[in-house]
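The values are calculated or read from the model by the stated rules, or taken from the named source; none is laboratory data. No experiment lies behind these values; they were computed from the predicted model shown. Glycine also receives a Cβ, built like all others from the backbone with ideal geometry; neighbour counts cover every protein chain displayed.
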Amino acid sequence: MKRREFILSSIMTLGASTLLTSGCTKKEIKKSDNQILRIKFKDIDIPILGFGCMRLPMRNGKIDIIEMEKMVEHAMAHGANYFDTAYMYVKSQSEIAIGKILKKYPRKSFFLADKCPAYLVNSKEDVQKLFKEQLKKCQVDYFDFYMVHNINKNSISNYRNNDMYEELLKLKKEGKIKYLGFSFHGDTKMLKEVINEHVWDFCQLQINYLDWEITNAKELYEIADKAKVPIIVMEPLRGGGLCKLPDKAINILKENCPNDTPASFGLRWLSAQNKSRIFLILSGMSNTQQMKENLDTFVNYREFTKEEENISSDIVKIIQQQGEINCTACKYCLEVCPRGINIPAIFNIYNNYKGNKENSFFKMYYNSLNDSEKAENCIKCGLCNKNCPQGLDIPTLLTKVEDTYKNIKGK
């Protein structure tokens, strides 16, 4: 049997391996050799891990299609056949790339999720226009999952004033959208309003063990749980931040969870018994190695224990002590920065420094940035603040990083 035929055969027989019915209070796990765990959502079986196409492999400033094809093939071969993209991801090239690759597979062998960019919607007609454009870019006739993208304090007026829900509901009735939901980056009050003012098939929320304790992730989960709306998790590892833990946290993990990497620990945390409303975890993987590691977490699954919950709390305390900046590297700030400052990279460099206190590494990584990308070029216009899902005061934080760099440089 040829490799592609084997992959397609595996995909078509995935129904025998299920995890749970979304929203149940108890998770009944069944394993299938070399296949990822699956979950019962509505009337379909779906993999618990999805491929988020926002942080794709890059080469010379462009998407590395060859590497991405390998990642998709590996995912499909192990039953991870859910792919999530959006209009603006990777400078609006993500939809085109995933569409080109998935065109090689039967349409019913994968689930494709996309999102309507609320910030670009100024009329009802825009909703329809953008949707048709996205179908064309992805080379499909329908989307399995479709969302109002990034509802927050800046986009909610566009969402409501242009009847986005009603327009998308029309497309759902036409069969062009199978399941309708929204992704969210607002506060708890706003989520209560949005989740209860319409009938949603699902919502997409930022949840991870760090945000659960230090921001509002737990409250957001509880709101969705009370409304009985199934949850897709985004930023499960906080843009990779939870893969780069402080040394003290790494040592705790090695001592108590020797079979876990920081990534697998964070992903397993989301599958714990007390989070049964979650039916899918999105991970933005950038290379095949990350893909293999994340898939292995749910191919060779181990339940998350109460003892490990305590360990996650200990790690959070360590991270807080290091003074981490609450950045998930979503890159929304880059869309509006008039100076082209590489804000996510700067914050990542700073967070790593705070976790390890290595002055030489901080200087080396900071100096690796182009001069035009550095914090010193910030003009404090505040446009980035309006686009930040985490509500960060970015100009102030950039000044903090720049001052830290100057202090270390002068030593």
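Values computed for the structure shown
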{"quantity": "Test set (1) of a type outside the set (Asp, Glu); (2) under 28 Å from ASP43 (Cα atoms); (3) at pLDDT below 95 - TYR119 fails condition number", "calculated": "(2)"}
{"quantity": "Helices (runs of 4 or more DSSP H) wholly inside segment 61-128 containing at least 2 residues that are more than 22 Å from GLN204 (Cβ to Cβ) and within 20 Å of the chain's Cα centre (by Cα)", "calculated": "65-77"}
{"quantity": "Which listed residue, of ILE311, ILE318, is crowded, with 20+ Cβ neighbours inside 10 Å and more than 21 Å from the chain's Cα centre (by Cα)", "calculated": "ILE311"}
{"quantity": "Selection from segment 85-117 of residues that are in contact with a Cys (Cβ under 7 Å, 6 or more places away or on another chain) and within 15 Å of LYS136 (Cβ to Cβ)", "calculated": "THR85, SER94, GLU95, ILE98, GLY99, LEU112, ASP114"}
{"quantity": "Complete set of residues in segment 132-157 that are over 12 Å from ASP114 (Cβ atoms) and part of a strand (DSSP E or B)", "calculated": "ASN150, ILE151"}
{"quantity": "Unmet criterion (only one of (1) surrounded by fewer than 18 Cβ atoms within 10 Å (Cβ to Cβ); (2) in contact (Cβ under 8 Å) with a residue 40 or more places away in the chain) for SER123", "calculated": "(2)"}
{"quantity": "Any chance LYS170 is among the basic types (Lys, Arg) and closer than 19 Å to GLU133 by Cα", "calculated": "yes"}
{"quantity": "Neighbours by Cβ (under 8 Å, 6+ apart or cross-chain): first from segment 262-280, basic (Lys, Arg); second assigned to a helix (DSSP H, G or I)", "calculated": "ARG268/THR297; ARG268/GLU308; LYS275/TYR221; ARG277/TYR221; ARG277/ALA224; ARG277/ASP225"}
{"quantity": "Test for LYS40: is it touching a Cys at 6+ places or on another chain (Cβ under 9 Å) and over 19 Å from MET234 (Cβ atoms)", "calculated": "yes"}
{"quantity": "Enumeration of residues in segment 204-231 that are touching a Lys or Arg at 6+ places or on another chain (Cβ under 8 Å) and of a type in the set (Phe, Trp, Tyr)", "calculated": "TRP212, TYR221"}
{"quantity": "Considering residues of segment 25-79 that are more than 23 Å from TYR89 (Cβ to Cβ) and small (Gly, Ala, Ser) only, the residue modelled with the lowest pLDDT", "calculated": "SER32"}
{"quantity": "Filter result for the condition that a residue is of a type in the set (A, V, I, L, M, F, W, C), modelled with pLDDT of 95 or more and surrounded by fewer than 24 Cβ atoms within 10 Å (Cβ to Cβ), over ILE252, ILE232", "calculated": "ILE252"}
{"quantity": "Residues satisfying the stated conditions in segment 386-400, i.e. free of Cβ contacts under 8 Å to residues at least 60 places away in the same chain and surrounded by 18 or more Cβ atoms within 10 Å (Cβ to Cβ)", "calculated": "CYS388, PRO395, LEU398"}
{"quantity": "ILE65 being in contact with a Cys (Cβ under 8 Å, 6 or more places away or on another chain) and of a type in the set (A, V, I, L, M, F, W, C)", "calculated": "no"}
{"quantity": "ASN154 being at pLDDT below 95 and either surrounded by fewer than 18 Cβ atoms within 10 Å (Cβ to Cβ) or of a type in the set (Ser, Thr, Tyr) (or both)", "calculated": "yes"}
{"quantity": "Selection count where residues are buried (at least 20 other Cβ atoms within 10 Å of the Cβ), modelled with pLDDT of 95 or more and assigned to a loop (DSSP other than H, G, I, E, B), scope segment 170-200", "calculated": "1"}
{"quantity": "Wholly within segment 322-411, helices (runs of 4 or more DSSP H) carrying at least 2 residues that are more than 23 Å from the chain's Cα centre (by Cα)", "calculated": "343-356, 359-367, 394-409"}
{"quantity": "Condition check for TYR179: of a type in the set (Ser, Thr, Tyr) and without any contact (Cβ under 8 Å) to a residue 40 or more places away in the chain", "calculated": "no"}
{"quantity": "Residues of segment 135-151 satisfying the condition of being modelled with pLDDT of 95 or more and either buried (at least 21 other Cβ atoms within 10 Å of the Cβ) or in the same structural domain as LYS386 (by TED's automatic domain parsing) (or both)", "calculated": "CYS138, PHE143, PHE145, TYR146, MET147, VAL148, HIS149"}
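Residues are listed down the side, and each one gets a yes or a no for (1) within 30 Å of ASN351 (Cα to Cα); (2) under 20 Å from the mean Cα position of the chain (by Cα); (3) in contact (Cβ under 8 Å) with a residue 12 or more places away in the chain:
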position: VAL194; (1), (2), (3): no, no, yes
position: VAL199; (1), (2), (3): no, no, no
position: GLN206; (1), (2), (3): yes, yes, yes
position: ASP211; (1), (2), (3): yes, yes, yes
position: LYS226; (1), (2), (3): no, no, no
position: ILE231; (1), (2), (3): yes, yes, yes
position: GLY239; (1), (2), (3): yes, yes, yes
